[in-house]
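Just so it is clear, none of the values below were taken in a lab; they were calculated from the coordinates. Given the structure is predicted, the values throughout are model-derived calculations rather than measurements. Please note: Cβ atoms are built from the backbone with ideal geometry, for glycine as well, and neighbour counts cover all protein chains shown.
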């Protein structure tokens, strides 16, 4: 039985690649009680492997390191995979929304860099995107901005996914000038 558990543990370690994490926000809250005030902390963390996987988590605790640890664990459990074009940008422009938070993300040519603010920048860096132009409209709440960004990223689809859904080849989906580059990308992957 112990041997079986060891094998499972080893496999889990091999499957889990090294993740980078970014602390986006810490919020200090206080509760007034008879003897004074009790402080608590809420942390918002974005985690990613910088190769197309990203997730976010939030944690609450009486001390900051514990809140960050809880948030990081939750983020690792809630990761999503996003297809990237040439491993550096989005395949197409997308919009995301959560509550009052709206975001617009546009694909960008090589060398543009990450043009995005605050929490959105953290998501793109942890995702591994190098070139993107993004704008946040509406809410400036970091929780809603991250959720809106992830909402948009989940609707992102690659030419391979579209071709598979339609039962066609990747070359049939893309324009004629993009087809050779896409075929080379599918052969590599």
>> What's the ranking of 58-64, 46-52 by average number of surrounding C-beta atoms within 10 Å, highest first?
In response: 46-52, 58-64
>> Show me the ranking of peptides 124-131, 148-155 by mean Cβ neighbours inside 10 Å, starting with the highest.
In response: 124-131, 148-155
>> For a Förster distance of 30 Å, can you work out the FRET efficiency between the beta-carbons of residue 80 and residue 39, rounded to the nearest 0.05?
In response: 0.35
> When you count, for each residue, the other Cβ atoms within 10 Å and take the mean per peptide, how do 35-42, 132-139 rank with the highest first?
Replying inline: 132-139, 35-42
>> What distance in nm separates the two pseudo spin-label positions at residue 161 and residue 28, each 7 Å out from Cα along the beta-carbon direction?
In response: 4.1 nm
>> Can you bin every Cα-Cα distance in the stretch 84-188 into 5 Å intervals starting at zero and give me the percent of pairs per bin, rounded to whole numbers?
In response: 2, 13, 21, 21, 16, 12, 8, 5, 1
> Which shape class, rounded, prolate or oblate, goes with the stretch 28-117 when its Cα gyration tensor gives a ≥ b ≥ c as root eigenvalues, a/c under 1.5 marks rounded, and past that a/b bigger than b/c marks prolate?
Replying inline: prolate
